[in-house]
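First the structure, in the form of structure tokens, and then the observations on it.
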Amino acid sequence: MIYSDYDRALYYTIWGQWDDLLILMVRTDDHFLSKKIEVFLHAFHYSSTDQQLMESHEELLHYIDHAMATTAPVMTV
């Protein structure tokens, strides 16, 4: 089975695997996903308020959901 970057991003975000999320941020070809991950990780480590953290987390999850819904699934033969 082939997992997309969006599947990985969702998994890493839900389970708090920030190191893997950082690696995905660098390796993905989706620049929007990369930027959303960057903003979230920055807020996680340096945010002064919980509101900023929650907003960046929700934006990341919203983008992942949108991208998974609009991207055709990868088919393997």
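The values are calculated or read from the model by the stated rules, or taken from the named source; none is laboratory data. Here the structure is a predicted model, which means the values were calculated and not measured. Reconstructed Cβ throughout: ideal geometry from the backbone, glycine too, with neighbour counts over all protein chains shown.
Considering the stretch 6-77, the qualifying helices (runs of 4 or more DSSP H), each wholly inside and each with 1 or more residues that are touching a residue at least 40 places away in the same chain (Cβ under 8 Å), run over 50-70. Taking the stretch 1-17, which residues are loosely packed, with under 13 Cβ neighbours inside 10 Å and either touching a strand residue (DSSP E or B) at 6+ places or on another chain (Cβ under 6 Å) or not β-branched (Val, Ile, Thr) (or both)? Correct list: MET1, TYR3, TRP15, GLY16. Of everything in the stretch 34-57 that is over 10 Å from the mean Cα position of the chain (by Cα) and among the charged types (D, E, K, R), the residue that is surrounded by the most Cβ atoms within 10 Å (Cβ to Cβ) is GLU55. Just one of (1) modelled with pLDDT under 95; (2) surrounded by fewer than 10 Cβ atoms within 10 Å (Cβ to Cβ) fails for HIS31. It is (1).
Please verify whether ASP20 is modelled with pLDDT under 95 and either of a type outside the set (S, T, N, Q) or surrounded by 15 or more Cβ atoms within 10 Å (Cβ to Cβ) (or both), treating the condition exactly as stated.
Judged against the criteria, ASP20 is not a match.
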